[in-house]
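For reference, the structure is listed below as C-alpha cells.
The values are calculated or read from the model by the stated rules, or taken from the named source; none is laboratory data. This is a predicted model, so every value here is computed, not measured. Heads up, the Cβs are rebuilt from the backbone with ideal geometry, glycines too, and the neighbour counts pull from every protein chain shown.
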Amino acid sequence: MPDPRVLPFPTSPGEARPAARLPLTIRGLGFVADGTRILDGIDLDLADNRLTVIMGPNGAGKSVLLKLLHGLLAPSAGRILWGGRELDRQTRQRQAMVFQKPVLFRRSVRANLQFAVNLKKSPEATELLSILMDDLHLNDLADRPARLLSGGEQQRLALARALLLAPDILFLDEPCANLDPASVLLIEETLHKARAGGTKVLLVTHDLHQARRLAEDVVFLHRGRLTEHSDADSYFDTPASPEARAYLAGQILL
Amino acid sequence: MQDFANSFSLAFELLWRFDPALGEIVFLSLRVTFAAVLIACAIGLPIGAALAILRFPGRGLFVVLFNTLMGLPPVVVGLLVYMLLSNAGPLGVLRLLYTPGAMIIAQSVLVTPIIVALTHQVLSDLNAEYADTFRSMVVPWHKAAVTLLWDARYALLTVVLAGFGRAIAEVGAVIIVGGNINHVTRVMTTAIALETSKGDLALALALGLVLLMIALAVNAAVMAVRASARRMAYA
C-alpha cells in the first residue's frame with residue numbers, strides 16, 4: 001500500500017534519488033545583463049534534499065539564480081556543479097521548474113499533463129498522473145481548456161505537469177503569488193509529498209508565513225549577493241546578517 | 001451599361017443551371033489549387049517551424065529569402081517551371097508541360113514561400129511564449145516544432161488561407177505552363193482572361209462570381225473555426 005503522504009516517483013533502473021544530483025556546489029557565480037550586475041560572487045553548497053527557500057527583496061536576483069541553476073540562463077562568471085558535474089542535458093532532464101506566471105499549452109488540462117507523460121515515456125508516469133490529478137483537484141477540470149482556468153487552477157496544473165517529470169530537483173519561482181488560500185494549501189501539501197518522495201525543492205517566495213511553513217533552510221539574497229544561508233529556525237529566530245534582520249522586520253532594503 | 005446588365009443576367013443564368021463547361025473549369029481550378037496548397041503546406045509548415053525554433057548561422061538569411069520570395073512574380077515562376085518542364089529542360093522527360101500537373105507545380109512554387117514566411121512569423125511569436133517551458137522540460141526541437149504547429153493550428157489556418165487565395169487567383173504562371181487548353185488545363189482565371197478577350201463577358205463574369213463566392217466561403221469557414229477556437233482559448 002503506497003504511503004499517501006509521499007509522491008511515488010518512478011526512477012530509472014539503478015538510479016538513486018536524488019543523491020546522484022547533489023551536492024549542488026556554486027562558486028563565484030555572477031550574472032550581468034545589459035551592463036547591470038544582477039548576481040555577484042555567489043558561493044553556496046546544498047548537500048541534502050531539505051526544502052530550501054530563497055528569500056530577498058525585489059531585485060535581489062532570486063529568480064535569476066533559479067534560472068541559472070536550471071540552465072535557462074548562462075552564468076557570466078563562476079561555476080555551478082550538480083553532483084560534481086557541470087549542468088548537462090542528463091541532469092536537466094531530472095529537473096523541473098514552475099514559473100511565477102505559468103505557461104500552459106493551448107490545450108485541455110489533460111492534454112497539458114499528457115504532454116509531460118509522453119515526454120517521460122515511463123509506464124509509472126500514468127500512475128503518477130492520476131495521483132497528481134487527485135492531489136491537486138484537477139479531475140473535474142480535465143477537459144477544460146488550460147488557459148481558461150483561474151490563476152490558482154493554472155498554477156496547480158503547472159505544478160502537476162512539472163512533477164510528472166519525476167524531478168530530482170524542483171524549482172519554484174513564487175508559485176503562490178496572488179493565489180487563494182485553498183490553492184496555496186494544495187500546492188504546499190503537494191510540495192511536502194514531493195519532498196518526502198525524495199525531490200529537492202528550491203522555492204523562491206516573498207511570503208514570510210509560507211517560508212516559515214515550508215522552509216528547512218533559507219538562502220537570503222540582497223542586491224545580488226548571498227548574505228546568509230542557514231537553517232530555517234535560526235534564520236527566522238536569530239538572523240545572522242543585518243540585511244536579513246531588516247527584511248524580517250519589514251524594513252525596506254535599498 | 002446595358003452590356004454590363006446583360007452580362008450579369010447571363011452570368012446568373014449560367015450559374016443557376018450550373019453549366020457543365022463552367023462546372024468543369026471550376027472543378028479543375030479547385031483540384032489544382034487544393035493540390036498545390038497541400039504540397040506547399042507539406043513543405044512550408046515544417047520549414048517555417050524549423051526556422052522559428054532552430055538557431056543556426058545563416059538563419060536570418062533564410063528568413064529574408066523566404067520573405068522576399070513571397071512576392072515572386074507569377075510570370076517569372078511560370079517561365080522557370082516552363083523551362084524546367086519543356087522537352088529541352090531537365091524535367092522534360094516527365095512530359096508534364098500543358099497538364100494540370102505542371103500548373104500544380106507552378107502554384108506550389110508560388111505558395112510555398114508564403115506558407116514558410118507566415119508560418120515562421122506565427123510560430124516565432126508562440127515560441128517566444130513557450131521557449132522557457134520547452135527548455136525547462138528538455139523538449140527535443142522536433143517535438144517542440146510539432147507542439148508549436150499543433151497549438152498554433154487555428155492561427156495557421158489563416159496562413160493556409162493566404163496561400164489558397166494566392167493560388168486560386170493566380171493566372172500568370174498557370175497560363176504559361178498550362179496553356180489554357182479547353183477541357184484539359186483551363187481554370188477559372190485563365191478562362192476569365194480568354195473569355196474577356198473574346199468578348200464573352202457573361203461566362204467571364206460568371207466565373208468571376210464563382211471565384212468570389214469560393215473565396216468568401218473559405219474565408220467565412222476559417223473565420224468561424226478561429227472564432228470558436230478563440231472562445232475555447234485555443235487560438
Can you name every residue in region A:56-72 that is touching a helix residue (DSSP H, G or I) at 6+ places or on another chain (Cβ under 6 Å) and within 23 Å of A:Glu228 (Cβ to Cβ)?
A:Gly56
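Is it the case that some residue within region B:167-187 is over 28 Å from B:Gly23 (Cα atoms), touching a residue at least 24 places away in the same chain (Cβ under 8 Å), surrounded by 14 or more Cβ atoms within 10 Å (Cβ to Cβ) and out of contact with any Gly (no Cβ under 7 Å at 6 or more places or on another chain)?
Initial filter on region B:167-187 (over 28 Å from B:Gly23 (Cα atoms)): none.
Checked region B:167-187: no residue is over 28 Å from B:Gly23 (Cα atoms), touching a residue at least 24 places away in the same chain (Cβ under 8 Å), surrounded by 14 or more Cβ atoms within 10 Å (Cβ to Cβ) and out of contact with any Gly (no Cβ under 7 Å at 6 or more places or on another chain).
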Looking only at region A:133-147, decide whether some residue is of a type in the set (Lys, Arg) and in contact with a Pro (Cβ under 9 Å, 6 or more places away or on another chain).
no
Run B:Arg226 past the list (1) under 27 Å from B:Tyr82 (Cβ atoms); (2) in contact (Cβ under 8 Å) with a residue 12 or more places away in the chain and report the number of the one that doesn't hold.
(1)
It is to be established whether one or more residues within region B:89-111 are surrounded by fewer than 19 Cβ atoms within 10 Å (Cβ to Cβ), among the hydrophobic types (A, V, I, L, M, F, W, C), without any contact (Cβ under 8 Å) to a residue 12 or more places away in the chain and within 14 Å of chain A (Cβ to nearest Cβ).
no
Among residues of region A:85-94 being in a loop (DSSP other than H, G, I, E, B) and either in contact with a Pro (Cβ under 8 Å, 6 or more places away or on another chain) or surrounded by 12 or more Cβ atoms within 10 Å (Cβ to Cβ) (or both), the residue nearest to the other protein chains (Cβ to nearest Cβ) is A:Gln93
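In region B:183-196, what residues are among the hydroxyl-bearing types (Ser, Thr, Tyr) and closer than 17 Å to B:Phe8 by Cα?
Here is the first cut: in region B:183-196, the residues among the hydroxyl-bearing types (Ser, Thr, Tyr) are B:185, B:189-190, B:196.
B:Thr196 - this is the single residue of region B:183-196 that is among the hydroxyl-bearing types (Ser, Thr, Tyr) and closer than 17 Å to B:Phe8 by Cα.
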Elements of type helices (runs of 4 or more DSSP H) in region A:130-235, at least 2 residues being over 16 Å from A:Gln100 (Cα atoms):
A:181-196, A:208-214
Pick from B:Leu123, B:Leu118, B:Leu149: which is assigned to a helix (DSSP H, G or I), more than 14 Å from chain A (Cβ to nearest Cβ) and among the hydrophobic types (A, V, I, L, M, F, W, C)?
B:Leu118
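Per-residue answers, yes or no, for (1) touching a Cys at 6+ places or on another chain (Cβ under 6 Å); (2) within 14 Å of chain B (Cβ to nearest Cβ); (3) at pLDDT below 95:
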| position | (1), (2), (3) |
| --- | --- |
| A:Leu163 | no, yes, no |
| A:Ala166 | no, yes, yes |
| A:Leu170 | no, yes, no |
| A:Pro181 | no, no, yes |
| A:Leu191 | no, no, no |
| A:Val201 | no, no, no |
| A:His206 | no, no, yes |
| A:Leu214 | no, no, no |
| A:Val218 | no, no, no |
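Just give me the residues in region A:76-105 being touching a Lys or Arg at 6+ places or on another chain (Cβ under 7 Å) and modelled with pLDDT under 95, in sequence order. Explain how you work it out, then say what you get.
Taking region A:76-105 and keeping what is touching a Lys or Arg at 6+ places or on another chain (Cβ under 7 Å), we get A:78-79, A:82-83, A:91, A:94, A:104.
Result: A:Trp82, A:Gly83, A:Thr91, A:Arg94.
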Before we move on, is B:Gly208 of a type in the set (Gly, Ala, Ser), under 17 Å from the mean Cα position of the chain (by Cα) and part of a helix (DSSP H, G or I)?
no
So for region A:96-107 (the condition being surrounded by 21 or more Cβ atoms within 10 Å (Cβ to Cβ), aromatic (Phe, Trp, Tyr) and more than 9 Å from every other protein chain (Cβ to nearest Cβ)), does at least one residue qualify?
no
